[in-house]
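Read through the structure below, which is laid out as structure tokens, and then see the notes.
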Amino acid sequence: MELFSRTGKCIIFSAPSGAGKTTIVHHLLEQNLALEFSVSACSRKPRPNEKEGKDYYFLGVEEFRKQIEENAFLEWEEVYENLFYGTLKSEIERIWSHGNTVIFDVDVVGGLNLKRIFGDAALAIFVQAPSLEALESRLRGRSTESEDKIQQRLAKAHKEMSFSKDFDYILVNDDKIKAFDEAYSVLEKFLLK
């Protein structure tokens, strides 16, 4: 890749909200796979318990736009009006400089963009709930969002599921332990190639 001074492998996890990708990613980071989490940048304010540089780089809208102009992002997206998320090029360089494999936890569009950029150096995994009903139940179970937000996320999820075929692997998350084992097995095969 011409964007970086050195290259390595990447693992991309994408899913609609509530499918369980973050839980799977956190589990994999605890395994002995030399993975390092790519911290995304965003334009929103931190939620309670979120930490700068660990959960996200919280840039604010103006700084995010400035970084776009400076070509600091590998990929970025305006998910909702003035709500930006993106991957900083410097973050990938940092992880590869440690000799680790980058693991991404990104939305579906971001995942497809990253797969397009990294090609065969990336494994793109689409995590899906066993059904839209199960997804809705998980979103409601969080008790963190308004009814409008839940409906917005469900509409987006319906659209996102149509992109699952564009990923290298579809992981149906209907049982957490089974999903952990399946994800580990798929990653191990890719990393040993």
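The values are calculated or read from the model by the stated rules, or taken from the named source; none is laboratory data. Since this is a predicted model, take the numbers as computed values, not measurements. For neighbour counting, all protein chains shown are included, and Cβ atoms are generated from backbone atoms with ideal geometry for every residue, glycine included.
Okay, here's what the table says:
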| read-out | value |
| --- | --- |
| Residue check for Asn32: on the phi > 0 side of the Ramachandran plot and either surrounded by fewer than 16 Cβ atoms within 10 Å (Cβ to Cβ) or touching a residue at least 12 places away in the same chain (Cβ under 8 Å) (or both) | no |
| Residues satisfying the stated conditions in the stretch 165-188, i.e. free of Cβ contacts under 8 Å to residues at least 60 places away in the same chain, among the hydroxyl-bearing types (Ser, Thr, Tyr) and in a helix (DSSP H, G or I) | Ser185 |
| Among the residues listed as Ile24, Ile95, the single one being assigned to a helix (DSSP H, G or I), of a type outside the set (Lys, Arg) and farther than 27 Å from Ala129 by Cβ | Ile95 |
| Per-region count, the stretch 75-99, residues closer than 19 Å to Cys10 by Cα and among the hydrophobic types (A, V, I, L, M, F, W, C) | 5 |
| Candidates Glu77, Glu36, Glu81, Glu70 - the one that is at pLDDT 95 or above and farther than 30 Å from Leu192 by Cβ | Glu70 |
| Qualifying residue in the stretch 105-115 (condition: assigned to a loop (DSSP other than H, G, I, E, B) and of a type in the set (S, T, N, Q)) | no |
| Set Asp105, Asp55: member being in contact (Cβ under 8 Å) with a residue 60 or more places away in the chain, within 21 Å of Ala19 (Cα to Cα) and out of contact with any Pro (no Cβ under 6 Å at 6 or more places or on another chain) | Asp105 |
| Matching residues, the stretch 167-193, being of a type in the set (D, E, K, R) and either at pLDDT 95 or above or farther than 16 Å from Pro130 by Cβ (or both) | Asp168, Lys178, Asp181, Glu182, Glu188, Lys189, Lys193 |
| The stretch 35-60, residues that are touching a strand residue (DSSP E or B) at 6+ places or on another chain (Cβ under 9 Å) and exposed (fewer than 13 other Cβ atoms within 10 Å of the Cβ) | Lys45, Pro46, Glu52, Lys54 |
| Scope the stretch 110-133; condition closer than 19 Å to Arg153 by Cβ and surrounded by fewer than 16 Cβ atoms within 10 Å (Cβ to Cβ); matching residues | Pro130, Ser131, Leu132, Glu133 |
